[in-house]
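The values are calculated or read from the model by the stated rules, or taken from the named source; none is laboratory data. Just so you know, these numbers come straight off a predicted model, no measurement behind them. Note that each Cβ is placed from the backbone with ideal geometry, even for glycine, and that neighbours are counted across all protein chains shown. Just so you know, the surface numbers come from the protein's heavy atoms only, side chains and all, with ligands and any DNA or RNA stripped out. Shrake-Rupley method; radii C 1.70, N 1.55, O 1.52, S 1.80 Å.
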Amino acid sequence: MSASRAEPRPSAGAVSYSGSPLSATLLLAGLLAAGWTVTGWTVTGWTVTGWMASAAAQVVGPPIRLAPDAGMQAPDSSRSPSPTPAATPAAAPAVVPAYPPAVTPPPPVSPVVARPAPVAREALGAPDPDGAGTLSGLQGLGADPWRGIGRAELLPLIAALPVDTPSPAVKALERRLLLSAGSPAVAEGEVPPLRRFGALRIEKLARIGDPAGAADLAALLPAALAVDEVAAKALTDAELVRGGMDCTRALARGKSFASAYWTRLALFCHARVGNRAGIDEALATLRNGGARRSDPFLMVADALAGAAVPPARSLILHGDPEGLALTLAAMRTARIGIPPDRLPLDNPPALAAIATNPSTDSATRAAAGERAAASLFLDARQLLDLYVQVPPSGDELLRVRDIARRDRGARTRALVHQAMAAAMDGQRRLALASLAVELVDPRLRAGSVGGAAAGLLDTVSPSGDAATLAPAAARLYYAQGRLDQGRRWHDLALRSGRSADTAWLWPLAVVATGRGADDPRALTAWLEEALRGADGPARSRIAGQLALLQATGVAVPDEAWMQATDGAGPPSGSDAGVDPALWQRLGDAAAGGRVGETVVAALLLLGEAGPSGLPPVVTARVAANLKAVGLEQDARALAREAMAAIAGPAAPDPALSAPALSDRGAQ
């Protein structure tokens, strides 16, 4: 058992009986007949609680949905009084109310975090030496984020954290976790791990696209990086992808390693400054070390040394993922472009490097850049810079609506942005802005792709002429966390549209801003409007929205759940298909006040998909538990992203009814 883990204790009011099962059963029946309330009665290992006794006495009543959830806190039987006889006047048979009965705990998405129980401690050694971090206190995860979890248990969880997620909130929380100061406990006699805690943190920061944060942490933990080549390579690759790498510092971190990677890095650094002698020396070392002539890096290195530039199609970029960042950086230096059929589509950092290679054609750069931006390896400004470089053909800027009906790819979005820059007519600009918002995948509204569309929206004023655009614009700004802009467009939608056209914005606005959460009439009005004519998928979406609202503090009455789900009640983890052990661990960690473990479990549950790609109940569960350990802003950001992905009208989106753009007179 790891340190600071609560031990189960017997309930104070439990009554144990060790006689025969038959005698125990007869005695139990006699007590019930006499009107006793039986709590904690144990019959050869079977525990009968008060509510079970009530159920045994039930004669009539509606069926009860029993959906036990591992994350729900069980009632504390130690607070129950000892059994006392009570007078029982003749009364009607007991009727159990429909689900959820008033005596049950709240639904699983909004757990009640109990005071941590007394803990049982085991002998611990010194804390892990890699506990330094650039964030501490409230900037990080508190003074002791790893209380209650040992190093041996934590390290594999850190290694499994998501990398290529489209969620800014997930990456921000993960970055905060990895940069926070704090050491996990080390058990006495524990075997040193193969990879150190600090090295895993540095590597993970580099892989999520934060080489600056990884370098800052490495400066605090030089010993961890000096013995971990995987982390040193990951940091160097991230700097190569981002550009502007400090060669002196990068080469210094590889001095303790003997692999060919660092010789290749030296060659690249010599090429950057035109040092031919250094290039030749590094090339000779690589060839003498048995490097293959077909090695794409060597083919590019020959070009850097003055040989003919190899055909781009002869370079295989999929075979050596560890050396890919170096090869792409060398291709950029040698001015070798990457053809579209050679894109490593499953490697977002590599796509980011390709997008910043000026020798690659602009359409390929835009396509690679969008995929990289979807996983947040490029920001919205970098994506906009790629859009403006895509050359239109003929009158394409006048036919972007027609083009968008056939192709919703990166080139079409680039054409929309260019057409917007050239448009002077107000109605045409509104139509183009509506199209730009429409073309954003719902899962990408919160990230860089949505940010690029929001940048285009920034050039449109929320005036009366833009009323049809207002709901979709408000949703995009809320998704981006730009709350002031979202409220302005939301206000325009409320002033200009019918309630049926704008009611769907209410839950998103509440989750994003926290305003209106204490108004039950607003919840009722929204729910009535949302359920009007709702089919099965629509009701499922509404149940997800209720879960997200509840997780962020909105009181959702039982009647609302019953109305939205046709009596099924709130969704559970089994409905979402998640790992039940991880679902349980999240609740246990939050209940014990173990902040770091709570965040790790939350990030693992969210995974690569992030809030916008998972059933809302998963994000609601995560948000409720993060809020319970004091991380309310992170919880709200995650819930906001999930809500923005599913928020929408039952009827077609207003953005889809924008004025036609194929009319060449509207210029």
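Residue-by-condition table, conditions (1) modelled with pLDDT of 95 or more; (2) closer than 30 Å to Ala644 by Cβ:
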site	(1), (2)
Gly150	no, no
Leu157	yes, yes
Glu174	yes, yes
Leu179	yes, yes
Leu194	no, no
Phe197	yes, no
Arg207	yes, yes
Leu235	yes, no
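Residue-by-condition table, conditions (1) of a type outside the set (Val, Ile, Thr); (2) in contact with a Lys or Arg (Cβ under 9 Å, 6 or more places away or on another chain); (3) crowded, with 19+ Cβ neighbours inside 10 Å; (4) at pLDDT 50 or above:
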site	(1), (2), (3), (4)
Pro93	yes, no, no, no
Gly125	yes, no, no, yes
Leu138	yes, no, no, yes
Trp146	yes, yes, yes, yes
Glu153	yes, no, no, yes
_Give me the residue from the stretch 265-275 that is within 14 Å of Val300 (Cα to Cα) and open to solvent by 40 Å² or more (accessible area, probe 1.4 Å) and, out of that set, modelled with the highest pLDDT._
His270
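Rundown of residues vs (1) aliphatic (A, V, I, L, M); (2) touching a Phe, Trp or Tyr at 6+ places or on another chain (Cβ under 6 Å); (3) touching a residue at least 24 places away in the same chain (Cβ under 8 Å), yes/no style:
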{"site": "Val191", "(1), (2), (3)": "yes, no, no"}
{"site": "Arg195", "(1), (2), (3)": "no, no, yes"}
{"site": "Ala199", "(1), (2), (3)": "yes, no, yes"}
{"site": "Glu203", "(1), (2), (3)": "no, no, yes"}
{"site": "Asp210", "(1), (2), (3)": "no, no, yes"}
{"site": "Leu220", "(1), (2), (3)": "yes, no, yes"}
{"site": "Ala226", "(1), (2), (3)": "yes, no, yes"}
{"site": "Asp246", "(1), (2), (3)": "no, no, no"}
{"site": "Ala266", "(1), (2), (3)": "yes, no, no"}
*Name every residue in the stretch 202-224 that is within 13 Å of Pro129 (Cα to Cα) and crowded, with 21+ Cβ neighbours inside 10 Å, in order of residue number.*
Leu221, Ala224
*Considering residues of the stretch 538-586 that are over 22 Å from Glu528 (Cβ atoms) and outside any helix (DSSP H, G or I) only, the residue nearest to the chain's Cα centre (by Cα)*: Val578
*Pairs under 7 Å by beta carbon, first residue farther than 20 Å from Ala181 by Cβ and among the polar types (S, T, N, Q) in the stretch 574-602, partner part of a loop (DSSP other than H, G, I, E, B) and open to solvent by less than 30 Å² (accessible area, probe 1.4 Å), six or more apart or different chains?*
Gln584/Gly71
*Would you mind finding the one in Arg408, Arg428 that is outside any helix (DSSP H, G or I) and not hydrophobic (A, V, I, L, M, F, W, C)?*
Arg408
*Is one or more of the residues making up the stretch 602-609 in a helix (DSSP H, G or I) and of a type outside the set (A, V, I, L, M)?*
no
*Residues of the stretch 514-548 being of a type in the set (Lys, Arg) and more than 17 Å from Thr502 (Cα to Cα), which ones?*
Arg539
*Would you kindly identify the helices (runs of 4 or more DSSP H) lying entirely within the stretch 324-384 that contain at least 3 residues that are without any contact (Cβ under 8 Å) to a residue 24 or more places away in the chain and touching a Ser or Thr at 6+ places or on another chain (Cβ under 6 Å)?*
none
*asked:* When you check Arg249 against the structure, is it closer than 16 Å to Pro349 by Cβ and open to solvent by 40 Å² or more (accessible area, probe 1.4 Å), yes or no?
replied: no
_Residue under evaluation Ser314, criteria (1) closer than 30 Å to Ala282 by Cα; (2) among the hydroxyl-bearing types (Ser, Thr, Tyr); (3) surrounded by 14 or more Cβ atoms within 10 Å (Cβ to Cβ); (4) without any contact (Cβ under 8 Å) to a residue 40 or more places away in the chain, criterion not met_ = (3)
*Hey, Ala291 hits all of (1) of a type in the set (A, V, I, L, M); (2) closer than 20 Å to Ala352 by Cα; (3) touching a Leu at 6+ places or on another chain (Cβ under 7 Å); (4) in a loop (DSSP other than H, G, I, E, B) but one; which does it fall short on?*
(2)
_Residue that is least open to solvent (accessible area, probe 1.4 Å), among those in the stretch 454-484 that are free of Cβ contacts under 8 Å to residues at least 24 places away in the same chain and assigned to a helix (DSSP H, G or I)_ = Tyr477
